[in-house]
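Reviewing the structure listed below.
The values are calculated or read from the model by the stated rules, or taken from the named source; none is laboratory data. Bear in mind the structure is a predicted one, so any value in this text is a computation, not a measurement. Counting neighbours? That spans all protein chains shown, and the Cβs are built from the backbone with ideal geometry, glycine included.
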Amino acid sequence: MRTSIFSARFVNLDSIRDFVGQAAVDAGLDERQVYAVQLSTDEACTNVIEHAYGGECDDPIEVTCNVHYGGLTVIIRDHGRVFDPGSVPEPDLKAGLAERGIGGLGVYLIRKMMDKIEFESSPQNGNVLTMVKYRQGN
């Protein structure tokens, strides 16, 4: 397992994508799967900055990557406001752009691109999003 801590700033998203991307390569994921991990992590960390912390700040986003036999687990922890991705309804992709609200696609993308997601929140541990991407064939 490897962990890195980033301040909740949009400028750090490139470094976060690089961090999880290297872990995904190390886990033996193919190019498409690496991209899915990077995009999902980017969306999740953007949500942390915008919703959990209410904007950019120096509060931490802790990202842990666990390379395992089946693929990769990415754990994102913050200590901001609670946000339960399970409370976000699936967007109506058939509606016209004018009828759709702004946002709401990040959680949808994470659900579609990752193989498993779990969310937990507690005062002691903060908000913890666990995302798993399995190596093809597993």
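The table that follows gives values for the structure above.
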| quantity | calculated |
| --- | --- |
| Residue 39 vs. criteria surrounded by 22 or more Cβ atoms within 10 Å (Cβ to Cβ), at negative phi and not hydroxyl-bearing (Ser, Thr, Tyr) | no |
| Residue 80 vs. criteria surrounded by fewer than 19 Cβ atoms within 10 Å (Cβ to Cβ) and either over 19 Å from residue 133 (Cβ atoms) or at pLDDT 90 or above (or both) | no |
| When residues of region 109-138 are limited to those that are outside any strand (DSSP E or B) and among the basic types (Lys, Arg), the one nearest to residue 80 (Cα to Cα) | 111 |
| Verdict on residue 11 being over 15 Å from the mean Cα position of the chain (by Cα) and free of Cβ contacts under 8 Å to residues at least 40 places away in the same chain | yes |
| Residue match in region 36-54 (condition: over 13 Å from the mean Cα position of the chain (by Cα), modelled with pLDDT of 95 or more and of a type in the set (Phe, Trp, Tyr)) | yes |
